[in-house]
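Scroll down for the structure; my scribbles are underneath it.
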Amino acid sequence: MKNLTTYLFVIFMIMFWIFRIIVAFCYNLGIDFITEPTDLTFEIILLFLTFLSIILVIKRSTLGGIIYIIGNGLYFGTTIFNAITSETQMNYSDIIFSALGILLPILVLFDLLLDQNRKAHPVDKKTDWFYKNKDFDRQYDERADRNQYKF
């Protein structure tokens, strides 16, 4: 984890995970909260899968992003699908948090895939200017050939 975006995505994943824990806990105790889980058992399974995927994302494994997007897509995708297709009025907070639950895994997976490209083609600014700059080598060689000092 070298990039700021990776740190931010992991922080947002943890914050959303804690928020979903609070939602499940409040629903289980019967306390009214901003939103309610659609299925408490699947919510608890998703919380454990999210914890596993957070660990894998921190280790920069693409499998963590895939698990995260599949789990959240199955859970939050049904809520968004029902909100689009049903004619009854849905709670807007449910729709917003479901959209966030879909958008965050997509962004995390894109970040992981971009990081795989960065690992395959690393850039080191400290040494690349010397080793990958053939123009500098040619200019240096020409300059060295012209300056022949006689002792």
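Structural remarks
- Ile95 meets the conditions (1) without any contact (Cβ under 8 Å) to a residue 24 or more places away in the chain; (2) touching a Phe, Trp or Tyr at 6+ places or on another chain (Cβ under 8 Å); (3) hydrophobic (A, V, I, L, M, F, W, C); (4) crowded, with 16+ Cβ neighbours inside 10 Å in every case but one. The failed one is (2).
- Top-ranked residue in the stretch 25-42 [being of a type in the set (S, T, N, Q) and closer than 15 Å to Ser98 by Cα; ranked as least open to solvent (accessible area, probe 1.4 Å)]: Thr35
The values are calculated or read from the model by the stated rules, or taken from the named source; none is laboratory data. Owing to the predicted nature of the structure, the values given are computational and were not obtained by experimental measurement. Please note: Cβ atoms are built from the backbone with ideal geometry, for glycine as well, and neighbour counts cover all protein chains shown. What goes into the accessible areas is simple: the full protein's heavy atoms, side chains included, and nothing from ligands, DNA or RNA. Shrake-Rupley method; radii C 1.70, N 1.55, O 1.52, S 1.80 Å.
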